[in-house]
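Beneath this line is the structure, given in structure tokens, with notes to follow.
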Amino acid sequence: MKTTLSQKETAFCRAFVRTRNGREAAAAAGFLLFPEKAAQKLLAHTAVREKIAALETEQTATRAELLAGYRRLAFGSVADAVRLLLASETGEVPDPETLDLFSVSEIKRPKGGGLEIKFFDRQKALDRLAALECDTADAALTFYRALERSAAAICGNGADGE
């Protein structure tokens, strides 16, 4: 049984994870002659399904990182930025490596003196966070699983695709 995928097969897997459309993914990967049939055959192969699952895991990790970043922007503390702002008035010089300035988008020192700190927009972070939370990834995964079962049934591999 073949376990290594060709470049075209790997390209199919990447396109499928991105589009969730077998025909479109097959055509994008270079399977131009009967892309629907090529997609069915590819989705029936265990190595292809495993590669798709691995790519989905990577995508899930990336999505989790995005969610964590937006949560941090939306709900994170600005205490260290305020500490930095007050330090410019008191003469204290805090170690920049110890400050959490994740929410800060810009720091300026105007000509007149002082310090100007701009923060990322919390409302935009909340909006983006809400959009990511409501993403249809679960629906797409359900659709993929249905395709996987169909491909397995066509190839006579049984209901579980093995």
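Quick look at the numbers
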| quantity | calculated |
| --- | --- |
| Members of the range 24-59 found to be touching a residue at least 24 places away in the same chain (Cβ under 8 Å) and exposed (fewer than 15 other Cβ atoms within 10 Å of the Cβ), listed by number | Thr46, Gln59 |
| Number of the condition not met by Ala131 [criteria: (1) in contact (Cβ under 8 Å) with a residue 12 or more places away in the chain; (2) under 17 Å from the mean Cα position of the chain (by Cα)] | (1) |
| Of residues in the range 60-78 being small (Gly, Ala, Ser) and open to solvent by 30 Å² or more (accessible area, probe 1.4 Å), the one modelled with the highest pLDDT | Ser77 |
| Matching residues in the range 97-126 - criterion: being loosely packed, with under 13 Cβ neighbours inside 10 Å and under 30 Å from the mean Cα position of the chain (by Cα) | Glu97, Thr98, Ser105, Glu106, Lys118, Gln123, Lys124 |
| Residues satisfying the stated conditions in the range 115-145, i.e. among the basic types (Lys, Arg) and either at pLDDT below 90 or outside any helix (DSSP H, G or I) (or both) | Lys118, Arg128, Arg145 |
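The values are calculated or read from the model by the stated rules, or taken from the named source; none is laboratory data. Model, not experiment: these values are computed from the prediction. For neighbour counting, all protein chains shown are included, and Cβ atoms are generated from backbone atoms with ideal geometry for every residue, glycine included. Keep in mind that these areas ignore ligands, DNA and RNA; they rest on the heavy atoms of the full protein, side chains included. Shrake-Rupley method; radii C 1.70, N 1.55, O 1.52, S 1.80 Å.
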